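What follows is one structure encoded as structure tokens, with my remarks underneath.
The values are calculated or read from the model by the stated rules, or taken from the named source; none is laboratory data. Worth saying up front: this structure is predicted, and the values here are computed from it rather than measured. Here the Cβ is made from the backbone with ideal geometry for all residues, glycine too, and neighbour counts use every protein chain on show.
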Amino acid sequence: MVANANKPRLAVWKFASCDGCQLSLLDCEDELLTVAGAVDIAYFPEATRAAVKGRYDLSLVEGSITTRADAARILEVRQRSRALVTIGACATAGGIQALRNFADVREYMSVVYARPEFIDTLATSTPIADHVHVDFELRGCPISKRQLTEVLSSYLAGRRPVTPRHSVCVECKLAGNVCVTVAHGTPCLGPVTQAGCGAICPTYNRGCYGCYGPMETPNAAPLTERLRQLGMEDRAIQRVYRNFNADAPEFREQSKRHGS
């Protein structure tokens with residue numbers, strides 16, 4: 001594949017993940033056509049086999065680091081990228097696979113695999129920022145298409161992306177939702193979770209699951225006490241924090257306070 005010297009180069013990389021955030025990019029449809037016209041998609045195995053060697057102006061990285069090979073590969077990606085943006089809960093907080101961080105991964109392997117000695121993996125699942133410098137983190141499981149296009153357009157324009165850092169509660173207020181916790185006693189992580197999803201779950205009378213991870217300044221301890229008042233036992237409280245963003249520091253702290 002021949003690179004277009006007049007366009008910035010975009011690369012999309014996959015580490016340990018489900019590919020959902022890359023699919024969010026492909027699902028942009030009309031927006032993706034505009035992006036494709038503005039950048040040279042130089043590396044994106046999910047979309048094309050063609051690849052341009054060399055350096056990249058912007059790298060989008062999905063997935064966490066779970067193997068020694070990936071720990072080495074992310075160093076190479078960082079070296080070849082002018083700007084590196086992590087996308088999704090796996091890349092920003094270790095993902096659902098970071099549940100291994102609270103247990104013995106060797107015990108898991110002995111239960112799951114017939115020949116665990118053939119499995120080469122790390123004891124932990126860690127976010128990309130634990131290994132290399134990250135220029136911007138885009139949260140979500142999966143990420144918001146609108147926020148993704150904002151990130152792409154901002155880097156094309158040479159400015160920093162503008163994404164919300166407030167809580168899901170603000171989105172609920174903007175949508176005119178009745179608070180599910182106040183009105184129905186439904187446990188909800190909205191007060192400590194970063195906005196971005198449009199408050200999908202509370203809009204349908206369900207509590208927020210924390211898909212976007214902790215907001216900028218979460219005050220999780222009072223929320224945890226409220227969950228206890230709603231009748232949740234320690235094990236249940238631990239479980240609500242150990243989800244897509246289980247190893248995000250604020251969620252990890254609360255979960256450890258209420259279980260092993």
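Taking the range 185-214 on its own, how many of its residues are part of a loop (DSSP other than H, G, I, E, B) and either touching a residue at least 12 places away in the same chain (Cβ under 8 Å) or touching a Pro at 6+ places or on another chain (Cβ under 6 Å) (or both)?
19
Read through the list (1) β-branched (Val, Ile, Thr); (2) surrounded by 22 or more Cβ atoms within 10 Å (Cβ to Cβ); (3) not in a loop (DSSP other than H, G, I, E, B), then give the number of the only condition that residue 143 fails.
Going through (1) β-branched (Val, Ile, Thr); (2) surrounded by 22 or more Cβ atoms within 10 Å (Cβ to Cβ); (3) not in a loop (DSSP other than H, G, I, E, B) one by one, residue 143 breaks only (3).
Hey, among 196, 210, which residue is more than 23 Å from residue 102 (Cβ to Cβ) and either within 16 Å of the chain's Cα centre (by Cα) or surrounded by 22 or more Cβ atoms within 10 Å (Cβ to Cβ) (or both)?
It is 196.
Can you say whether residue 212 is more than 19 Å from residue 142 (Cβ to Cβ) and at pLDDT 95 or above, as far as the supplied structure shows?
Considered against the rule, which asks whether it is more than 19 Å from residue 142 (Cβ to Cβ) and at pLDDT 95 or above, residue 212 comes out as no.
Considering the range 215-243 alone, what residues qualify as being outside any helix (DSSP H, G or I), farther than 16 Å from residue 165 by Cα and in contact with a helix residue (DSSP H, G or I) (Cβ under 8 Å, 6 or more places away or on another chain)?
Residues satisfying the conditions are 230, 232, 242, 243.
Among the residues in the range 5-21, are any assigned to a helix (DSSP H, G or I), under 18 Å from the mean Cα position of the chain (by Cα) and surrounded by fewer than 22 Cβ atoms within 10 Å (Cβ to Cβ)?
Checking the range 5-21: at least one residue is assigned to a helix (DSSP H, G or I), under 18 Å from the mean Cα position of the chain (by Cα) and surrounded by fewer than 22 Cβ atoms within 10 Å (Cβ to Cβ).
Just one of the numbered conditions (1) outside the structural domain of residue 79 (by TED's automatic domain parsing); (2) more than 16 Å from the chain's Cα centre (by Cα); (3) surrounded by fewer than 22 Cβ atoms within 10 Å (Cβ to Cβ) is not true of residue 120; which one?
Exception for residue 120: condition (1).
Answer with yes or no whether residue 246 is assigned to a helix (DSSP H, G or I) and small (Gly, Ala, Ser).
In short, no.
May I ask you to verify whether residue 253 is within 22 Å of the chain's Cα centre (by Cα), closer than 19 Å to residue 86 by Cα and not basic (Lys, Arg)?
It is false that residue 253 is within 22 Å of the chain's Cα centre (by Cα), closer than 19 Å to residue 86 by Cα and not basic (Lys, Arg).
Tally up the residues in the range 28-86 that are free of Cβ contacts under 8 Å to residues at least 12 places away in the same chain and assigned to a loop (DSSP other than H, G, I, E, B), please.
4
Within the range 93-111, is even one residue surrounded by fewer than 18 Cβ atoms within 10 Å (Cβ to Cβ), in a loop (DSSP other than H, G, I, E, B) and β-branched (Val, Ile, Thr)?
For the range 93-111, residues surrounded by fewer than 18 Cβ atoms within 10 Å (Cβ to Cβ), in a loop (DSSP other than H, G, I, E, B) and β-branched (Val, Ile, Thr): absent.
Which is of a type in the set (Lys, Arg) and at pLDDT 95 or above, of 106, 68?
68
Of the residues 161, 116, which is over 21 Å from residue 210 (Cα atoms), at pLDDT 90 or above and in contact with an Asp or Glu (Cβ under 8 Å, 6 or more places away or on another chain)?
Every option except 161 fails the conditions.
Is at least one residue of the range 9-16 touching a Phe, Trp or Tyr at 6+ places or on another chain (Cβ under 6 Å) and over 30 Å from residue 120 (Cα atoms)?
yes
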